[in-house]
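J.: Quick one: this structure, given as structure tokens, is what I'll be asking you about.
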């Protein structure tokens, strides 16, 4: 589904990613773990199409298409979704209006029939109920005054509505208490399936207790320095990232 080869990325002349190789298959969930400053969020933003970063080398293909050559809207239309570590507020735009606009934009890109108001309302209420989002929350401006847990549940609702082929979740556990974490993880797990791939980016093993990955990659100093199964996260929780020396990451 997603193939990354020798990806080098810089910002303001400083190299952050230093030769990333990844191959994500449909139907599997992947985790990327690493310390602060290792390049985890940079990778997520580059995949989503942020213009803050400069790709200096390497290729990224998504279902056989050159992802680097697409703008963010095209990437969304092709089926890529990014869940932010810190979801932004959009004052004056109701959550339901935002969701309807986003969903119909994706449908238009794919040549599918757009939903009218009643079709959308029926669908969004069904999805929201499954995730524990009230009608009142759908009427509120996007993320304005939302708690950390509400913001993350709102992103899970976006994920459920858009049904992407690849969901990149950038530190979706950030700022969540254990109850909110379980709620968000349950919503994400509902959306796992044979045609969808998940890429979960996190510092800590605790999220991976609830969203259990098939494969874990460890990113240190802009390079993947280890790959393994879920037991690798437990080892990292005990030993920390100091088990990977600078020489290993260089």
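The values are calculated or read from the model by the stated rules, or taken from the named source; none is laboratory data. All values derive from a computational prediction rather than experimental measurement. A quick note on method: Cβ atoms are made from the backbone with ideal geometry, for glycine too, and the neighbour counts reach across all protein chains shown.
J.: Scan segment 115-126 and tell me whether some residue there is on the phi > 0 side of the Ramachandran plot and without any contact (Cβ under 8 Å) to a residue 12 or more places away in the chain. Don't jump to the end; show me each part of the working.
T.: Residues of segment 115-126 that are on the phi > 0 side of the Ramachandran plot, as a first pass: none.
Taking every residue of segment 115-126 in turn, none turns out to be on the phi > 0 side of the Ramachandran plot and without any contact (Cβ under 8 Å) to a residue 12 or more places away in the chain.
J.: Failed condition for residue 166, given (1) at pLDDT 90 or above; (2) surrounded by fewer than 20 Cβ atoms within 10 Å (Cβ to Cβ), with all others met?
T.: Result: residue 166 fails condition (2) only.
J.: For segment 183-207, give me each residue that is closer than 14 Å to residue 151 by Cα and over 16 Å from the mean Cα position of the chain (by Cα).
T.: Within segment 183-207, 183 is the sole residue that qualifies.
J.: Among the numbered conditions (1) modelled with pLDDT under 95; (2) under 22 Å from the mean Cα position of the chain (by Cα), tell me where residue 124 comes up short.
T.: Unmet condition: (1).
J.: Pick from 206, 192: which is surrounded by fewer than 22 Cβ atoms within 10 Å (Cβ to Cβ) and either without any contact (Cβ under 8 Å) to a residue 40 or more places away in the chain or closer than 9 Å to residue 31 by Cβ (or both)? Can you show your working first?
T.: Values: 192 fails: either without any contact (Cβ under 8 Å) to a residue 40 or more places away in the chain or closer than 9 Å to residue 31 by Cβ (or both).
Sole residue among the options that is surrounded by fewer than 22 Cβ atoms within 10 Å (Cβ to Cβ) and either without any contact (Cβ under 8 Å) to a residue 40 or more places away in the chain or closer than 9 Å to residue 31 by Cβ (or both): 206.
J.: Going by what's in this entry, would residue 87 be described as more than 29 Å from residue 225 (Cβ to Cβ) and in contact with a helix residue (DSSP H, G or I) (Cβ under 6 Å, 6 or more places away or on another chain)?
T.: Details: more than 29 Å from residue 225 (Cβ to Cβ): yes; in contact with a helix residue (DSSP H, G or I) (Cβ under 6 Å, 6 or more places away or on another chain): yes.
The answer is yes for residue 87.
J.: Would segment 26-45 turn up any residue that is closer than 28 Å to residue 125 by Cβ, in contact (Cβ under 8 Å) with a residue 12 or more places away in the chain and surrounded by 19 or more Cβ atoms within 10 Å (Cβ to Cβ)?
T.: So the first thing to find is which residues in segment 26-45 are closer than 28 Å to residue 125 by Cβ, and the list is 29.
The next check asks that each one be in contact (Cβ under 8 Å) with a residue 12 or more places away in the chain; those that pass are 29.
Checking which are surrounded by 19 or more Cβ atoms within 10 Å (Cβ to Cβ) leaves us with 29.
Checked segment 26-45: at least one residue is closer than 28 Å to residue 125 by Cβ, in contact (Cβ under 8 Å) with a residue 12 or more places away in the chain and surrounded by 19 or more Cβ atoms within 10 Å (Cβ to Cβ).
J.: Which residues, taken from segment 82-101, are surrounded by 15 or more Cβ atoms within 10 Å (Cβ to Cβ) and assigned to a helix (DSSP H, G or I)?
T.: Residues satisfying the conditions are 95, 96, 97, 98, 99, 100.
J.: Which one is modelled with the highest pLDDT among residues in segment 192-228 that are in contact with a helix residue (DSSP H, G or I) (Cβ under 6 Å, 6 or more places away or on another chain) and assigned to a loop (DSSP other than H, G, I, E, B)?
T.: Here is the first cut: in segment 192-228, the residues in contact with a helix residue (DSSP H, G or I) (Cβ under 6 Å, 6 or more places away or on another chain) are 201, 205, 208, 210-211, 216, 219-221, 223, 225.
Applying the additional criterion that residues be assigned to a loop (DSSP other than H, G, I, E, B) yields 205, 210-211, 221.
On the way: 205: 80, 210: 88, 211: 88, 221: 91.
My answer is 221.
J.: Can you pull out every residue in segment 31-49 that is in contact with a strand residue (DSSP E or B) (Cβ under 9 Å, 6 or more places away or on another chain) and assigned to a loop (DSSP other than H, G, I, E, B)?
T.: Within segment 31-49, the subset in contact with a strand residue (DSSP E or B) (Cβ under 9 Å, 6 or more places away or on another chain) is 31-35, 37-49.
Answer for segment 31-49, where residues must be in contact with a strand residue (DSSP E or B) (Cβ under 9 Å, 6 or more places away or on another chain) and assigned to a loop (DSSP other than H, G, I, E, B): 34, 35, 37, 38, 39, 49.
J.: So, one more: Among the residues of segment 50-76, count how many are out of contact with any strand residue (DSSP E or B) (no Cβ under 6 Å at 6 or more places or on another chain), surrounded by fewer than 17 Cβ atoms within 10 Å (Cβ to Cβ) and not in a loop (DSSP other than H, G, I, E, B).
T.: Summing the residues that are out of contact with any strand residue (DSSP E or B) (no Cβ under 6 Å at 6 or more places or on another chain), surrounded by fewer than 17 Cβ atoms within 10 Å (Cβ to Cβ) and not in a loop (DSSP other than H, G, I, E, B) in segment 50-76 gives 5.
J.: Got at least one residue in segment 13-20 being touching a residue at least 60 places away in the same chain (Cβ under 8 Å) and assigned to a loop (DSSP other than H, G, I, E, B)? Spell out the reasoning first.
T.: We begin by selecting, within segment 13-20, every residue touching a residue at least 60 places away in the same chain (Cβ under 8 Å); these are 15-20.
Then keep just the ones that are assigned to a loop (DSSP other than H, G, I, E, B); that gives none.
Among the residues of segment 13-20, not one is touching a residue at least 60 places away in the same chain (Cβ under 8 Å) and assigned to a loop (DSSP other than H, G, I, E, B), which makes the answer no.
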